[in-house]
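Note sheet for the following structure.
The values are calculated or read from the model by the stated rules, or taken from the named source; none is laboratory data. On a predicted model such as this, the values are computed, not experimentally measured, just so you know. Every residue, glycine among them, receives a Cβ derived from its backbone with ideal geometry; neighbour counts consider all protein chains shown. When the accessible area is computed, the model is the full protein with side chains, heavy atoms only, and any ligands, DNA or RNA have been set aside. Shrake-Rupley method; radii C 1.70, N 1.55, O 1.52, S 1.80 Å.
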Amino acid sequence: MDQQINRCGWLNNDPLYIKYHDEEWGVPVHDEQKMFEFLLLETFQAGLSWFTILKKRESFREAFAQFNYKKIAQFNDEDFDRLMNDSGIIRNKLKIRAAINNAQRFMEVQKEFGSFCKYIWGFVDHKPIINKPKTLKDVPATSPISDALSKDLKKRGFKFVGSTTIYAHMQACGMVNDHTVDCFRFGK
């Protein structure tokens with residue numbers, strides 16, 4: 001890791017992780033497919049480290065139709081079996097079924113609100129929440145907003161969308177900016 005640049009303390013020295021932190025984490029996402037990509041990846045991250053998922057991201061991309069939610073929503077038993085046999089991804093049957101289910105629910109939300117991004121960004125009044133954590137200890141795992149969003153998603157039939165997962169999703173998609181104040185990405 002470049003010692004000249006201050007970054008958030010949760011990073012390791014892996015270039016892939018550094019690139020993710022520097023270029024994606026906390027950057028506002030308004031693209032439907034990118035939003036779904038993060039939602040799918042967060043589904044699989046539940047109970048695991050984000051770095052584990054990040055290392056498998058390209059395998060997930062290949063296995064899950066380039067994160068095309070319209071195609072994933074149509075996955076059948078043959079696709080499920082293919083995914084269960086794909087050593088490049090997390091082979092958890094509940095998470096695989098959740099990914100397919102969530103693609104279907106994602107499109108229902110799109111139909112109701114015009115876009116999933118419009119729906120989800122509505123929980124933060126369509127602008128990022130800029131927190132000012134001094135240390136990692138100041139970064140919460142959940143928030144009242146992630147609690148409410150999680151509850152609403154569950155009501156709509158989404159799976160693996162607990163408050164902690166949803167807060168991580170909000171961070172990844174820039175709905176919440178939790179870069180620590182000493183990080184060069186803070187406030188950007």
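M35 satisfies every condition listed in (1) in contact (Cβ under 8 Å) with a residue 24 or more places away in the chain; (2) in a loop (DSSP other than H, G, I, E, B) except (2).
The numbered conditions (1) among the β-branched types (V, I, T); (2) assigned to a helix (DSSP H, G or I); (3) buried (at least 16 other Cβ atoms within 10 Å of the Cβ) are all true for I89 except (2).
Of all residues assigned to segment 79-94, none qualifies as being acidic (D, E), within 21 Å of T164 (Cα to Cα) and out of contact with any Ser or Thr (no Cβ under 6 Å at 6 or more places or on another chain). Of the residues making up segment 171-188, just one is open to solvent by less than 20 Å² (accessible area, probe 1.4 Å) and of a type in the set (D, E, K, R), namely D178.
Among the residues of segment 17-32, the one identified as surrounded by fewer than 13 Cβ atoms within 10 Å (Cβ to Cβ) and in contact with a helix residue (DSSP H, G or I) (Cβ under 8 Å, 6 or more places away or on another chain) is D31.
Of the residues making up segment 123-145, those that are among the polar types (S, T, N, Q) and either in contact with a Cys (Cβ under 6 Å, 6 or more places away or on another chain) or surrounded by 12 or more Cβ atoms within 10 Å (Cβ to Cβ) (or both) are N131, T142, S143. The condition (being part of a helix (DSSP H, G or I) and buried (at least 20 other Cβ atoms within 10 Å of the Cβ)) is satisfied by just one residue among L40, L94: L40. Of all residues assigned to segment 116-124, at least one qualifies as being among the aliphatic types (A, V, I, L, M) and touching a strand residue (DSSP E or B) at 6+ places or on another chain (Cβ under 8 Å). In summary, A168 fulfils each of the numbered conditions (1) open to solvent by 20 Å² or more (accessible area, probe 1.4 Å); (2) of a type outside the set (K, R); (3) over 20 Å from D31 (Cβ atoms) with the single exception of condition (3).
Taking segment 43-78 as the range and being open to solvent by less than 80 Å² (accessible area, probe 1.4 Å), out of contact with any helix residue (DSSP H, G or I) (no Cβ under 8 Å at 6 or more places or on another chain) and not in a loop (DSSP other than H, G, I, E, B) as the test, only S59 passes.
Going through (1) touching a Lys or Arg at 6+ places or on another chain (Cβ under 8 Å); (2) buried (at least 17 other Cβ atoms within 10 Å of the Cβ); (3) more than 14 Å from L40 (Cα to Cα) one by one, R105 falls short only on (3).
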